[in-house]
Amino acid sequence: MITIISGLLVRSRRLGLALAGSLLFTSPTLAQQPTGRIVGRVLDAASGQGLSDVGIQVVGTTLGTMSGVEGRFTLPAVPAGTVTIQFRRIGYTPKTVTGILLDAGKTLEQDVTLATATITLTAQTVTASAERGSVADALDAQRTATGVVNTITAEQIAKSPDSDAAQAMQRVSGVTVQNGRFVFVRGLGERYTTTQLNGTRVPSPEPEKRVVPLDMFPSSLVEAVTTSKTFTPDQQGDFSGAQVEIKTREFPARLTFSMQSTVGYNSGATGRQVLAGRNVGGEVFALAGTARNLPYLLSVVRNFQGINLTQADKNLLISQFRNAWTPDSRTGAPNTSTAISLGGNEALFGQRIGFLLSGTYALTQDVKDNQVRALANRGTTPGSTIETDRFTGTTGSQGVLWGGMANFSTLLGGTSRISVNNTYTRTADNDARVERGEFENEGVRAQIERMQYVERAVRSNQLAGDHQFGEHKLDWAVTSSAVTRNEPDRSEFVSVIEQDAPGGAEVLRWNGASNAGAVRTFSALEEKSFEGRGNYQWRVSMGGRDHAIKVGALSRRTDRDATTSAYAISGQASNAIRELRPEQLFAAPFTGDRAGVFNIFPLSQGGSYGAADRLTAGFLMADIAIAPRMRLITGARVENDRLTVNAQSTLGQPVDVSRDWTDVLPSLALNMALGEYTNLRLSASQTLARPEYRELVPIKSRDVLNGDDLEGNPDLQRTLIQNVDARWEWYPSGGEVLSVGLFAKRFDNPIERVYRAAGASSRFIGYVNADKATNYGVELEARKGLGFLGDAFQSLLAFTNVTVMQSQITLGAGQAAATNARRRMVGQAPYVVNAGVTYANTNGSLSATALFNRTGERIDAAGDQPLPDVVQRPRNALDLSLRFPVWGALQGRIDARNLLDEPFQTVQGSVTRESWTTGRTFQLGFVFRP
């Protein structure tokens, strides 16, 4: 406390002298000159961290100030013209920045880096343009990070055709994106990757996975996406693949407005007849009307337990469903998107407030064409497979994504920064599918018609503070967040394909004898989270070197409620009635007083569960400079997680599952600067992965279309992971890098998704703890300008990252039903390749980028013995992007995605389990930034 008070007094005295000089000695002539405003940050050249208490002086005047929290400074009323500024701080080499061009009445942003005096002893003088280059290096999160990280910035996203965070993540080394939304890192499944928004965990809107679909975050709202692949104690410890940090954009130094709009063409959907769901209104805004809700009468009777229904009662209940069973067909509309943002830094009641307001909306039309799905049965020889229950068809899908952001920030007295960050995004997927095939076990040819509509929403409201008092820094944040996932009124209608005579016409008749002939499902999930965290850091000089001690604590309360209600309709009727379309069949007179036609009953693949999760954590971490170019970062984190899950199946008894885990997670990292532009990083740590709530729930759910039964396991235990990483990095010049990384991981009690025997025409999916697993690999990354090849290549930059990895899992004696006792982990691909080349002219107004991605074969789920594993086949993807000036502040963009249009394919042995193509996408857009 004495140290803090002393630092405050010294700083106040310095600031007072600077201000007094400004007031007493500024000449009247100077005061009458046109002026402008200069703002910025002073950064440590090695770490990229902000430096407080830096003396800042406008040369030739008595104007001056000192940097405050995060190294931020403001110089008001600076004479317009060419300005020179001097920066000084004890322990750092003084720097003078010349050639700063300040226009009258404008605000200019000028960031500066300072090098420690042990590295550079003589004072430095640089131009403003040269200094901007060194700041870009200092802000490179990969170069200055404590651990092994990769970052995709807003500038890089702007040069790609990526419209959301998930698409941008595909460019990161070792990253694969499943289904366009779920991130796999280093071949590890989504359970080993966590997502944070502005430093706070984002709840998951998925009912069966603790994962956040990254396609919910529009790229126009994103400042950077950082992937941390190594653990330090100041991070939450439940990851092993990576922690994905999404940082929303910060406010600009001066008033800025931008608007962009695009229109796109999909070769498989735009202008073609595509399947579409039957809407009730509001779907294009991801706000479907109440007509999709579970009918009131069914919400009252729920599972019919203890109720004796008459035929009239059953008919009445059936008549309550929205009479929509079969998809429409309509002409595919073009894809469109619009984004608007307004930001700046304005005075309000004498206090400058930074703000950024942004909104975005996108509407897309997609198709899954050439769609095939089938099951696999054992063949006549060991290890062989034969195809069964093959269906072919097509799916039409309309996607909606919109979101908004309102961020505010202000500096208080130069030592404190208060921020308010608000984000809301909402999506909807509206799918319609028709397919034909055969249920071989029943000897029935069939047509299945399905409509599925899913809404997801993520909300985050955060109040955060950063306070700098000399060598003491305190940061804190309080965040309220919530997610919802609503799947109202999913429908499946199954018709058998019959012929009344050999060679006669095929006739569609309702499969009323089956429990799956007509099904309606209603699902809803809501999860709310409240998190508070605080960190204190003390920088201390000992032995002529700077060290840091950091402590912190976190508390998070999460509550989830999920419900699913599924109802089936069956019945016996004449062929003439069964041939009616379902909109006629399930209407008057058949749902009136006519008796004996229909029966309705709840399916066992439903139910509800609630989860209450309470996490508390604390950590201690030290950053020690053990040599001039060597830093040791070590410490430990303690996490206690208390989880209670209450489940109730549709027809079963309540089940309660409780867990109480306390874990100590140590970390040790050694960072060595082998040269001015070369680093070596070594890291060892222990992290964990906890079961997802649904995985602990022993109730069944079922996808009627795919025939998959899913059941949780209340005996699951959390996974402990030991991690070792090493990476060598070389940064030869700005924007260039060459790195080689090695990683190895050992898993105790890893959780695996496995298939089990469940009859001839269906699968049973469950979760088990394997005995152990290992995962290891190498990562290569390179970004290099091609100017060394000659003048014609000066404007080209080539980049690539390649990850080669291998894993092996040992299931143990208790899992004899597995395909084999030793295999790769579920979700693990043996390699991931990203490559590209960018052209940019000298002022950056014209650029073109080509991007390539290929992911190796990975296990989707472990097969049941003697069947082999289900694997996703490798797929090549090629995207192109062009940015060009149009006129003044108007810029244009042309993007092309999925140019190769290779099929998405999942196989099991020789059987194609699933396959489809999506078509190529082209879009034209314009960006206006006055």
Once phi for every residue in the range 490-501 is put through the Karplus expression 6.51 cos²θ - 1.76 cosθ + 1.60 (θ = phi - 60°), the whole-Hz ³J(HN,Hα) values, with Gly and Pro written as x, are 7, 10, 10, 10, 10, 10, 8, 9, 10, 10, 6, 8
Measure of exposure for residue 784: accessible area at 1.4 Å probe, Å² rounded to 10, is 90 Å²
Taking a straight Cα-to-Cα line shorter than 13 Å from residue 106, and setting aside same-chain aspartates and glutamates fewer than 8 residues away, one finds 346
Phi angles of the range 357-372, converted by Karplus (6.51 cos²θ - 1.76 cosθ + 1.60, θ = phi - 60°) into ³J(HN,Hα) in whole Hz with x for Gly and Pro, give 10, 8, x, 8, 8, 9, 10, 10, 10, 10, 8, 9, 9, 6, 7, 10
Counting only protein heavy atoms and leaving out ligands, DNA and RNA, the solvent-accessible surface of residue 329 at a 1.4 Å probe, in Å² to the nearest 10, equals 70 Å²
Once residue 875 and residue 323 are pulled to full extension, the length gained, defined as 0.36 nm per residue separation minus their Cα-Cα distance, is 194.7 nm
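Largest first, what is the accessible-area ranking of 325, 916, 538 with a 1.4 Å probe? Numbers along the way, then the final one.
On the way: 325 5, 916 40, 538 90 Å².
Of 325, 916, 538, the descending order of accessible area is 538, 916, 325.
Of the accessible area of the range 283-928, with the probe set at 1.4 angstrom, what percent is carbon plus sulfur? Could the numbers behind the result be given before it?
Working: 15470 of 26980 Å².
Looking at the range 283-928 in its full context, I get 57 percent from C and S.
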As a percent rounded to 5, the proportion of antiparallel DSSP bridges among beta bridges in the range 36-114 is 75 percent
Quick tally, 1.4 Å probe accessible area for 381, 256, sorted with the most first, runs 381, 256
At the level of C-alpha centres, the distance separating the range 270-340 and the range 65-83, in angstrom, is 59 Å
Carbon plus sulfur, as percent of the 1.4 Å-probe accessible area of the range 36-114, comes to 52 percent
By accessible area (1.4 Å), largest first, 901, 613 order as 901, 613
Dividing the mean separation of Cα pairs under 8 Å (6+ apart) by the residue count of the range 283-928 yields a relative contact order in percent of 9 percent
With Rg from the Cα atoms and Rh as the Kirkwood inverse mean 1/r over Cα pairs, the range 283-928 has an Rg/Rh of 0.99
Any aspartates and glutamates whose Cα falls less than 19 Å from that of residue 473, other than same-chain ones fewer than 8 residues away, would be 44, 53, 70, 234, 546, 623
Sorted by chain and number, the residues with a modelled amide H under 5 Å from that of residue 384, at a separation of 5 or more or across chains, are 379
In whole percent, the Cα-Cα distances of the range 36-114 spread across 10 Å bins from 0 upward as 20, 57, 22, 2
Taking R0 as 56 Å and r as the Cβ-Cβ distance between residue 920 and residue 312, the FRET efficiency 1/(1 + (r/R0)^6), rounded to the nearest 0.05, comes to 0.55
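Report the FRET efficiency, 1/(1 + (r/R0)^6), for residue 88 and residue 348, where r is their Cβ-Cβ distance and R0 is 35 Å, rounded to 0.05. Walk me through the numbers on the way to the answer.
Values: r = 32 Å, r/R0 = 0.92.
Once rounded, the FRET efficiency stands at 0.60.
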Per principal axis, largest first, the Cα atoms of the range 511-654 extend in Å by 94, 32, 20
Heavy-atom accessible area per residue of the range 818-930, all protein chains kept, 1.4 Å probe, expressed in Å², is 42 Å²
Over 27 Å (Cα to Cα) among 247/550; 229/784; 550/772; 528/745; 229/772 -> 550/772; 528/745
The simple spin-label model distance between residue 125 and residue 539, using points 7 Å out along Cα→Cβ, in nm, is 2.7 nm
Here the range 712-723 yields Karplus 3J(HN,Hα) values (6.51, -1.76, 1.60; θ = phi - 60°; whole Hz; Gly and Pro given as x) of x, 10, x, 9, 4, 10, 6, 9, 9, 10, 9, 10
With every protein chain in place, the accessible area of residue 683 for a 1.4 Å probe, in Å² rounded to the nearest 10, comes to 20 Å²
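Quick check: residue separation of residue 357 and residue 798 times 0.36 nm, minus the Cα distance between them. What number comes out in nm?
On the way: separation 441, 0.36 × 441 = 158.76 nm, distance 3.48 nm.
Gain on stretching residue 357 to residue 798: 155.3 nm.
The values are calculated or read from the model by the stated rules, or taken from the named source; none is laboratory data. Note that the structure is a prediction, hence the values are computed from the model and not measured. Ideal geometry is used to build each Cβ from the backbone, glycine not excepted, and the neighbour counts take in all protein chains shown. For accessibility, only protein heavy atoms count, side chains too; no ligands or nucleic acids. Shrake-Rupley method; radii C 1.70, N 1.55, O 1.52, S 1.80 Å.
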